[in-house]
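Student: Questions regarding the structure given below will be posed in turn.
The values are calculated or read from the model by the stated rules, or taken from the named source; none is laboratory data. Source: prediction; values computed, not measured. So basically every Cβ, Gly included, is an ideal-geometry build from the backbone, and we count neighbours across all protein chains shown. Heavy atoms of the whole protein, side chains included, go into the accessibility calculation; ligands, DNA and RNA do not. Shrake-Rupley method; radii C 1.70, N 1.55, O 1.52, S 1.80 Å.
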Amino acid sequence: MPCSVCTGGRSRLKLLTVSHVTKSYQGKEKLAVNNLSFELFRGECLGLVGESGCGKSTLARCLLRIESIDEGSIQFNNTAIEHLNERQLHPYRQKMQIVFQNPSAALNPKLRIKDSLVDPYDVYRKKLKLRHFSYTSKEAFVKQLLEAVELPENIANKYPHEISGGQRQRVTIARAISIEPELIVLDEPTASLDVISQGAVLDLLTKLRNTLDLSYLFISHDLAAVHQMSQRIMVMKDGNIVDQFNRDQLFSDHRHPYTKELISIF
Ligand code: ADP
Ligand code: MG
C-alpha cells in the first residue's frame, strides 16, 4: 500500500514507484527482496532501515538496474525502467546515482581525486545541462565540487590513500552530485566512518539535498541515523517492508513489533 503521509510540505510528485519487486539468488532458493512495493516522492529523504542481510543493498542495486529483478516494476518519473536495455538506460543512470558504504572501493586508487571527480561528467557532458554547477574548466569544476562537499582545494591533486575515510566519502558524494542527479540512493553511507565523521557527513547530505533539489533513499541498519535524516521511514525485514510511517510517528503505539524491537536498541 502506498503511504498516504505528508512529505514535509514539499510537492508530492512521485519520483520512484516500486511495484511488487522480487529478487532471488541461487536459482530461486534465496529470496532477498520479496514482492516489495513503495513510492518515493520528489524532494524527500525516504529512510530504509533493517538489520544486516535483510535485503537493503539488493533492493538498492535492483532500483538502479545494477542487477535485474525477477518480477515487478520500477518506474522512474512514470517510466518503467525494468526492461530497458543499456542504451535506453543511459539517461536514467545519470538521474539516479548511488553512494556505497565503502568509499575506498568506489574510487580508483590510481586516479588523483580531481580525475575521479570529473569522470561522471565526462560520460554525460554532451547531454547534460547543469543547473547548480557550471563547467568552464576542469579546475574550476573540481573546485566547485570540493567546495560543495566542504573539502579543501588541495585534495584535488591527492590520491585516495592520501586522504581520510571521511574525506573519501565526501569525494564519492561529490562525484554523485557532479552530474546533478534527481535521486541518490545512499547505501549505508556513513557505516565505515568514525562517529564524528558520521555526523558531519549526515549533516552535509541534508544540506546538499536542500541546495541541489535532490531526493534520497537513505539506507541504514542504524535507526537513529535514519530517524535523523528522513521524513518518512520504511522498516525492512527478511526482504519485506513490514512498517512505514512518518518520522514523527516512530514512537507511536501502532508501530510493528519489529519496529518496536529496533527502537529498544535505538
Ligand atoms: P543488507 O544490505 O540488508 O545487509 P543484502 O541485500 O546485502 O542485505 O543481502 C540480502 C540477502 O541476499 C542476504 O542473505 C545475502 O547473503 C543475499 N545476497 C546478497 N547478494 C547476493 C549475491 N550476489 N549472491 C547470493 N546471495 C546474495
Ligand atoms: Mg547492505
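Student: I'm trying to understand the selection: among the residues of the stretch 79-101, which are in contact with a Lys or Arg (Cβ under 9 Å, 6 or more places away or on another chain) and closer than 19 Å to A174 by Cβ?
Tutor: Selection gives R93, Q94, M96, Q97, I98, V99.
Student: Please work out which residue is farthest from Q97 (Cα to Cα), limiting yourself to the stretch 187-237 and to residues that are among the β-branched types (V, I, T) and at pLDDT 95 or above.
Tutor: Across the stretch 187-237, the extreme among qualifying residues is V235.
Student: Answer yes or no as to whether Q94 is crowded, with 16+ Cβ neighbours inside 10 Å, in contact (Cβ under 8 Å) with a residue 40 or more places away in the chain and assigned to a loop (DSSP other than H, G, I, E, B).
Tutor: No: the conditions fail for Q94.
Residue-wise test of (1) surrounded by 14 or more Cβ atoms within 10 Å (Cβ to Cβ); (2) farther than 26 Å from K14 by Cα; (3) touching a strand residue (DSSP E or B) at 6+ places or on another chain (Cβ under 6 Å).
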| site | (1), (2), (3) |
| --- | --- |
| E71 | no, no, yes |
| T79 | no, no, no |
| K138 | yes, yes, no |
| L145 | yes, yes, no |
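Student: Of these, R93, R175, R87, which one is under 21 Å from L64 (Cα atoms) and in contact with an Asp or Glu (Cβ under 8 Å, 6 or more places away or on another chain)?
Tutor: Only one candidate qualifies: R175.
Student: Oh, and also: Where residues in the stretch 42-69 are closer than 18 Å to A80 by Cβ and in contact with a Lys or Arg (Cβ under 6 Å, 6 or more places away or on another chain), which of them is farthest from ligand 2 (Cβ to nearest atom)?
Tutor: I69
Student: Right, another one. When residues of the stretch 37-62 are filtered for being within 12 Å of ligand 1 (Cβ to nearest atom) and open to solvent by less than 50 Å² (accessible area, probe 1.4 Å), how many remain?
Tutor: Qualifying residue count, the stretch 37-62: 11.
Student: Another question, then. Can you tell me which residues in the stretch 8-23 are open to solvent by less than 10 Å² (accessible area, probe 1.4 Å) and over 16 Å from the mean Cα position of the chain (by Cα)?
Tutor: Within the stretch 8-23, just V21 meets the criteria.
Student: Here's a follow-up. Just checking, which of A156, A176 is in contact (Cβ under 8 Å) with a residue 60 or more places away in the chain, out of contact with any Cys (no Cβ under 7 Å at 6 or more places or on another chain) and not charged (D, E, K, R)?
Tutor: A176
Student: Check K126 against each of (1) assigned to a loop (DSSP other than H, G, I, E, B); (2) within 25 Å of Y216 (Cα to Cα) and name the one condition it does not meet.
Tutor: Of the numbered conditions (1) assigned to a loop (DSSP other than H, G, I, E, B); (2) within 25 Å of Y216 (Cα to Cα), the odd one out for K126 is (2).
Student: Would you mind listing the strands (runs of 3 or more DSSP E) fully within the stretch 169-266 where at least 3 residues are within 16 Å of ligand 2 (Cβ to nearest atom), open to solvent by less than 60 Å² (accessible area, probe 1.4 Å) and at positive phi?
Tutor: none
Student: Given the conditions (1) more than 13 Å from ligand 2 (Cβ to nearest atom); (2) surrounded by 15 or more Cβ atoms within 10 Å (Cβ to Cβ), and given that F100 satisfies all but one, which numbered condition is not satisfied?
Tutor: Going through (1) more than 13 Å from ligand 2 (Cβ to nearest atom); (2) surrounded by 15 or more Cβ atoms within 10 Å (Cβ to Cβ) one by one, F100 breaks only (1).
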